[in-house]
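Notes follow the structure.
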Amino acid sequence: MKKTLLALAVPALLMAGSATAATVYTAEDGSTIDMYSRLGFNITDRGEEDAVGNFDARIGLGGSQVVNDQVSVIGWAEYSVGAAEQRGTAADKSNFTPRYVWAGIDASEAGKVTFGRVASGIIMLSDVGDVFAASDVLIGRQLELVDNSAAQTFRQDGTLQYQNSFGAFDMSVAYILGNSESNQDGSYNAAARYTFDMGKAGQLIPIAAYQANSTGDATSSSNADTANRDYTFWGAGVQYKLNALTLGAMYNQDEIEGQGISGTSKDKSYELTAVYNINDDWTARAGYRALENTGGDESEFKDTTLEVQYHLTARSSIYTSYVMRNGENGTGLGAPSAMTWNDAEEDYYHLGLRYEF
């Protein structure tokens with residue numbers, strides 16, 4: 001019985017952003033193989049004078065092997081897959097990009113340890129604002145200036161992470177070794193979340209997160225540009241859930257200093273979001289984000305996002321979104337805001353079909 005319960009619990013632990021993964025094989029001892037895939041086609045004028053169509057996809061495979069009643073070996077590999085029309089472009093130079101690639105041990109009540117390109121515990125915080133199919137995520141955007149393997153604070157190579165839940169309290173701590181090119185030296189993060197169940201009054205969920213990264217002397221030409229830098233990130237947020245309504249608010253800031261940076265480059269931002277499930281078919285979302293940089297690329301984001309989702313099935317939807325942007329594009333430091341697809345001054349719309357299985 002314990003093996004069965006463990007086998008049922010592991011798939012939910014595996015997927016950050018892939019909670020709908022399907023178990024495609026179950027052995028007699030409860031070991032499983034799980035698979036996730038997402039296919040999508042989007043029409044947008046983001047970063048373009050005219051509307052263009054883009055295909056995007058994700059595919060993941062993983063599972064668990066039961067060691068005993070309390071312990072399983074777990075692993076997951078998930079990749080973003082580019083389409084032919086994206087080959088050789090600045091936006092997507094690789095057609096098969098790793099999102100999560102890790103292996104670990106799930107020790108049931110003792111917690112879970114994973115190592116590799118893991119789903120960072122800071123996702124607990126970023127999920128407060130990351131509710132839209134159309135808009136990007138800017139939280140921790142400067143981290144790539146200290147770790148060239150990083151996708152903001154969500155995914156970094158060579159991360160050793162411990163996660164556990166104690167009743168309504170969820171926590172995560174990690175030490176980040178990095179890879180041979182990212183040259184991490186004493187990098188770590190921590191995140192925590194607590195769910196207050198107020199009965200008919202709903203749920204109140206405060207979240208906090210912190211991360212610090214440092215790099216040492218350059219060890220090769222590939223990490224020379226990010227050597228001898230220090231980076232810190234912290235943020236706090238809260239979600240309120242009542243029946244079909246979810247409200248979110250979050251504040252965060254990050255700063256980086258060191259080689260190649262004059263003084264300290266600091267981002268300060270806050271986000272407000274609202275999600276309302278109108279019925280089984282329709283979901284409406286709205287949000288506002290403000291970000292301002294000082295001492296770095298001097299970029300400023302002021303985004304208002306409106307989005308409607310129509311559920312074709314439990315796993316497939318059509319999204320219609322409009323993002324009004326009233327910010328200023330940054331210059332220098334090689335920050336993400338310099339990319340044409342993330343123009344802080346240009347409104348854009350998004351029409352997408354997403355199919356998950």
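None of the figures in this text is laboratory data; all of them are computed from the coordinates on show. Bear in mind the structure is a predicted one, so any value in this text is a computation, not a measurement. In this analysis, Cβ positions are derived from the backbone assuming ideal geometry, glycine residues included, and neighbour counts consider all displayed protein chains.
Numbers at a glance
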| quantity | calculated |
| --- | --- |
| Virtual spin-label span in nm between Asp347 and Phe96, 7 Å along Cα→Cβ | 4.2 nm |
| Hull shadow area, averaged, the range 212-276 [alpha-carbon convex hull, nm²] | 5.9 nm² |
| Estimated inter-spin distance, Asp280 and Glu28, nm [label 7 Å along Cα→Cβ] | 4.0 nm |
| Residue order, fewest to most beta carbons within 10 Å, for His311, His350 | His311, His350 |
| Spin-label proximity, Ser262 to the range 305-332 - amide N less than 15 Å from point 7 Å beyond Cα toward beta carbon | 331-332 |
| Rotationally averaged projected area of the chain (alpha carbon convex hull; nm²) | 18.1 nm² |
| Pair Ala236, Asn179: separation of 7 Å Cα→Cβ label points (nm) | 3.6 nm |
| Difference of contour (0.36 nm per residue) and Cα-Cα distance, Thr219 to Ala103 | 39.1 nm |
| ³J(HN,Hα) computed for each position of the range 162-179 - Karplus, 6.51 cos²θ - 1.76 cosθ + 1.60, integer Hz, glycine/proline x | 10, 9, 7, 10, 10, x, 8, 9, 10, 9, 8, 9, 8, 10, 10, 7, x, 10 |
| Exposure proxy order (Cβ contacts within 10 Å, fewest to most) of Leu204, Leu245 | Leu245, Leu204 |
